[in-house]
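To start, the structure under review is shown below, and the notes come after it.
The values are calculated or read from the model by the stated rules, or taken from the named source; none is laboratory data. From a predicted model like this one, the values you see are computed outputs, not experimental measurements. So basically every Cβ, Gly included, is an ideal-geometry build from the backbone, and we count neighbours across all protein chains shown. To get the accessible areas, we keep the full protein, side chains included, count just its heavy atoms, and leave off ligands, DNA and RNA. Shrake-Rupley method; radii C 1.70, N 1.55, O 1.52, S 1.80 Å.
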Amino acid sequence: MNTLLDLSDRLYLDVADFAHSTPHWFQWLAEVWTELGLLLFAVLFLVGWWRSREGSSRAMALALLAPVATGFGYVVSEALKSLIDEERPCRAVAGAPVSLVACPPHGDWSFPSNHSAIAGAAAIALALSWRGIVWLTVPMALLMAFSRVFVGVHYPHDVTVGLIAGALVALVVMRAAERPVRSLVETARSSRSSAVVWCAGRGTHAHASAYAPAHSGRRSRARHGAY
């Protein structure tokens, strides 16, 4: 264990030295991404919900579960953080350059990285609810995790465990809650409340029923025109 921690220390120093060797505009981008990257995940949650309104009940259930599963990933990470009092590397690593962002206060522990846990959970949750987006969300999560080391506030092992823990929690929540949430979506879609139906969407059946009369009308006109 000590060997792994020593390796993490060395990797942290290497990344910190590299960070200070990069141009100021690149450092600024890293500082922005390390916080606002989470906002982009939130935008993707909203887009995923919107695009699922005309999808199946399962698609809507997964879209609704994605931010919930991400929240669970954060809760698990925060619980671990409260149990393991690991000091931030920007204070604990001897000879480390000054972090690019302000070092969090004592008591805001380092292990695991909450940002990485949220990113890992969001990446997997979105990938399960939105086919093909994994090629965007996984690189986003990895970049988020790396940025936490780059700006100097986490060790590499903090972000690695955060990513894995968040992803695993999201996977379990998405799989375990899919069926009951799908039932709730089906109930909501048959509700008499227009607001509830708008939130849950009308699904593929309503889209098909709206599409069918137009075709029926064309077929009917074609038949009449044939006589």
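Which members of the range 68-104 meet the condition of being small (G, A, S) and either buried (at least 16 other Cβ atoms within 10 Å of the Cβ) or in a helix (DSSP H, G or I) (or both)? Give the steps one after another, and end with the answer.
Step one: of the range 68-104, the residues small (G, A, S) are 69, 71, 73, 77, 79, 82, 92, 94-96, 99, 102.
The answer is A69, G71, G73, S77, A79, S82, A92, A96, S99.
Looking for whichever is at positive phi, buried (at least 23 other Cβ atoms within 10 Å of the Cβ) and not in a helix (DSSP H, G or I) here; the options are G152, G107. Which one fits?
Values: G107 fails: buried (at least 23 other Cβ atoms within 10 Å of the Cβ).
That would be G152, the only listed residue that is at positive phi, buried (at least 23 other Cβ atoms within 10 Å of the Cβ) and not in a helix (DSSP H, G or I).
Give me a count of the residues in the range 69-93 that are of a type in the set (G, A, S) and within 14 Å of Y155 (Cβ to Cβ). Give the steps one after another, and end with the answer.
Step one: of the range 69-93, the residues of a type in the set (G, A, S) are 69, 71, 73, 77, 79, 82, 92.
Applying the additional criterion that residues be within 14 Å of Y155 (Cβ to Cβ) yields 92.
Of the residues in the range 69-93, 1 are of a type in the set (G, A, S) and within 14 Å of Y155 (Cβ to Cβ).
Give the range 44-67 a look and list any residue that's more than 12 Å from A123 (Cα to Cα), under 14 Å from the mean Cα position of the chain (by Cα) and open to solvent by less than 70 Å² (accessible area, probe 1.4 Å), or say none. Write out each step before concluding.
So the first thing to find is which residues in the range 44-67 are more than 12 Å from A123 (Cα to Cα), and the list is 46-65.
So of that shortlist, the ones also under 14 Å from the mean Cα position of the chain (by Cα) come out as 46-49, 62-65.
Those that are more than 12 Å from A123 (Cα to Cα), under 14 Å from the mean Cα position of the chain (by Cα) and open to solvent by less than 70 Å² (accessible area, probe 1.4 Å): V47, G48, W49, L62, A63, L65.
Under the condition of being touching a Leu at 6+ places or on another chain (Cβ under 6 Å) and within 30 Å of R10 (Cα to Cα), which residue from the range 119-129 is least open to solvent (accessible area, probe 1.4 Å)?
G120
The rows are residues; the columns are (1) closer than 28 Å to N114 by Cα; (2) open to solvent by 90 Å² or more (accessible area, probe 1.4 Å); (3) within 20 Å of the chain's Cα centre (by Cα); (4) modelled with pLDDT under 90.
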position: P156; (1), (2), (3), (4): yes, no, yes, no
position: T160; (1), (2), (3), (4): yes, no, yes, no
position: S191; (1), (2), (3), (4): no, no, no, yes
position: W198; (1), (2), (3), (4): no, yes, no, yes
position: G203; (1), (2), (3), (4): no, no, no, yes
position: A208; (1), (2), (3), (4): no, no, no, yes
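Is it fair to say D9 is within 19 Å of V161 (Cα to Cα), open to solvent by 80 Å² or more (accessible area, probe 1.4 Å) and acidic (D, E)? Outline the logic, then answer.
Working: within 19 Å of V161 (Cα to Cα): yes; open to solvent by 80 Å² or more (accessible area, probe 1.4 Å): no; acidic (D, E): yes.
So D9 fails the test.
Hey, G132 hits all of (1) buried (at least 23 other Cβ atoms within 10 Å of the Cβ); (2) free of Cβ contacts under 8 Å to residues at least 60 places away in the same chain; (3) not in a helix (DSSP H, G or I) but one; which does it fall short on?
So G132 meets the others, but not (1).
Sort out which residues of the range 162-187 are open to solvent by less than 20 Å² (accessible area, probe 1.4 Å) and either in contact with a Phe, Trp or Tyr (Cβ under 6 Å, 6 or more places away or on another chain) or farther than 30 Å from R88 by Cα (or both), and write them in order of number.
M174, V185
Determine whether A92 is closer than 30 Å to D6 by Cα and more than 19 Å from the chain's Cα centre (by Cα). Spell out the reasoning first.
On the way: closer than 30 Å to D6 by Cα: yes; more than 19 Å from the chain's Cα centre (by Cα): yes.
For A92, the condition - closer than 30 Å to D6 by Cα and more than 19 Å from the chain's Cα centre (by Cα) - is met.
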